[in-house]
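> The structure follows.
The values are calculated or read from the model by the stated rules, or taken from the named source; none is laboratory data. This is a predicted model, so every value here is computed, not measured. Counting neighbours? That spans all protein chains shown, and the Cβs are built from the backbone with ideal geometry, glycine included. Protein only, heavy atoms only, side chains kept; ligands, DNA and RNA dropped before computing areas. Shrake-Rupley method; radii C 1.70, N 1.55, O 1.52, S 1.80 Å.
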Amino acid sequence: MCAATLSAQPPQAADFRLTVLSTQTADSRGIGEWGFSALIESGGKRILFDTGNRPDTVAINTKELQVDLSTVEDVILSHSHGDHTGGLLTLRKQVMTKNPKALSRLWVAKGFAYPRLSGNSERTPGADVLSAFRATGGEVIEVDNFRSIAPGLWLTGPVPRKHPERNWSGSGRIRLPDGATAEDNLPEDMALIANTARGLVVVTGCGHAGIINISEYARTQVSSPRIEAVIGGIHLFPASDETLAWTAARLKEQGLHVLMGSHCTGVEALYRIRSLAGLTRANSSTGAVGARYSLDKGLEAGTIAR
Ligand SMILES: [Zn+2]
Ligand SMILES: [Zn+2]
């Protein structure tokens, strides 16, 4: 399906459940790290969104949480940073012994493989991940536009930077396909969007494109009046008080009801936004490894993160 086929009545996800497999906080099950990964389940489809930082964190956490990835064929990498790509090869090699199709289809957005420049050095972290993944027999799909991945689920592809949110750290540059260089604003940063009966659910890795850019773009593309939930990292830990207030106000305007601000959201940023956006302890948390969000049970943040 392409954007042109999105009608006034876009398809809805029949159900939606997300389980966090990598984030900073952990309690009795799994280990915490600087990274993000989550399993998404909707309408019988299971999708792995990001793969954590250290090679074996998600492998360990899925074992302790008794989550089986051997029946998951699709894996999304939200962007090329190592704290989202680090577990991919370990997981692919582990599950393909049980099912050759497991984690065999990888979705990344345009710009993922662009070379990264720092001083005089040029690295290709995204391209390196893709070539190692292809060497396992996996297929890579590059997303350059908002597109469906399952009924009621979409990938944003690169997100237009309407607001100057600058939700990234560092001052690196990228080499573009025409040879020119530009500031590395993580042009490949991609979110997953679910259209549910309650509104849109937005799943981000680091949200480097800016959570307001992402959520407004998703609402335009899916013709949705409101955002039900934002789940994942939104990279606001270094943000100023003004930025946090602006972000919280925009999220409130969009009707945000649930916020699981994991990973690089930042603990103080999460609680500041919770207060400013009128959210509660029950529906807004940093979440822990094993935390869940589902349409029927809402947010189950984990013992330590309640
Ligand atoms: Zn990142
Ligand atoms: Zn990150």
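> For Arg134, indicate whether it is within 16 Å of ligand 2 (Cβ to nearest atom), farther than 23 Å from Gln221 by Cβ and open to solvent by 60 Å² or more (accessible area, probe 1.4 Å).
When the stated conditions are applied, Arg134 does not pass them.
> Here's a follow-up. Determine which member of the set Ser148, Ser70, Ser78 is of a type in the set (Gly, Ala, Ser), away from ligand 1 (no atom under 16 Å from the Cβ) and assigned to a loop (DSSP other than H, G, I, E, B).
Going through Ser148, Ser70, Ser78 in turn, just one is of a type in the set (Gly, Ala, Ser), away from ligand 1 (no atom under 16 Å from the Cβ) and assigned to a loop (DSSP other than H, G, I, E, B): Ser70.
> Sticking with this structure for a sec: Return yes or no: is Ala180 small (Gly, Ala, Ser), more than 12 Å from the chain's Cα centre (by Cα) and at pLDDT 95 or above?
Against the criterion (small (Gly, Ala, Ser), more than 12 Å from the chain's Cα centre (by Cα) and at pLDDT 95 or above), Ala180 qualifies.
> Something else: Which one is nearest to ligand 1 (Cβ to nearest atom) among residues in segment 185-241 that are open to solvent by less than 10 Å² (accessible area, probe 1.4 Å) and among the hydroxyl-bearing types (Ser, Thr, Tyr)?
Thr204
> Of the residues that sit in segment 48-73 and are under 19 Å from Gly205 (Cβ atoms) and small (Gly, Ala, Ser), which one is farthest from ligand 2 (Cβ to nearest atom)?
Ala59
> For segment 169-218, enumerate the residues that are at positive phi, of a type in the set (Gly, Ala, Ser) and assigned to a loop (DSSP other than H, G, I, E, B).
Within segment 169-218, Gly170, Gly179, Gly207, Gly210 meet the criteria.
> Within segment 219-231, can you find the residues that are assigned to a helix (DSSP H, G or I) and either touching a Pro at 6+ places or on another chain (Cβ under 7 Å) or under 18 Å from Ile40 (Cβ atoms) (or both)?
Val222
> For residues in segment 282-298 being among the hydrophobic types (A, V, I, L, M, F, W, C) and in contact (Cβ under 8 Å) with a residue 60 or more places away in the chain, which is surrounded by the most Cβ atoms within 10 Å (Cβ to Cβ)?
Val289
> In addition: Filter segment 16-32 for residues that are touching a strand residue (DSSP E or B) at 6+ places or on another chain (Cβ under 6 Å) and outside any strand (DSSP E or B) and give the result.
Hit for segment 16-32 is Phe16, nothing else.
> Being without any contact (Cβ under 8 Å) to a residue 60 or more places away in the chain and touching an Asp or Glu at 6+ places or on another chain (Cβ under 8 Å) is the requirement here; does Thr62 meet it?
So Thr62 passes the test.
> Looking only at residues in segment 166-175 that are surrounded by 12 or more Cβ atoms within 10 Å (Cβ to Cβ) and under 21 Å from Thr85 (Cβ atoms), which one is modelled with the lowest pLDDT?
Ser169
> Same structure again: Return a yes/no flag: does segment 87-103 have any residue that is of a type in the set (Lys, Arg) and assigned to a loop (DSSP other than H, G, I, E, B).
There is at least one residue in segment 87-103 that is of a type in the set (Lys, Arg) and assigned to a loop (DSSP other than H, G, I, E, B).
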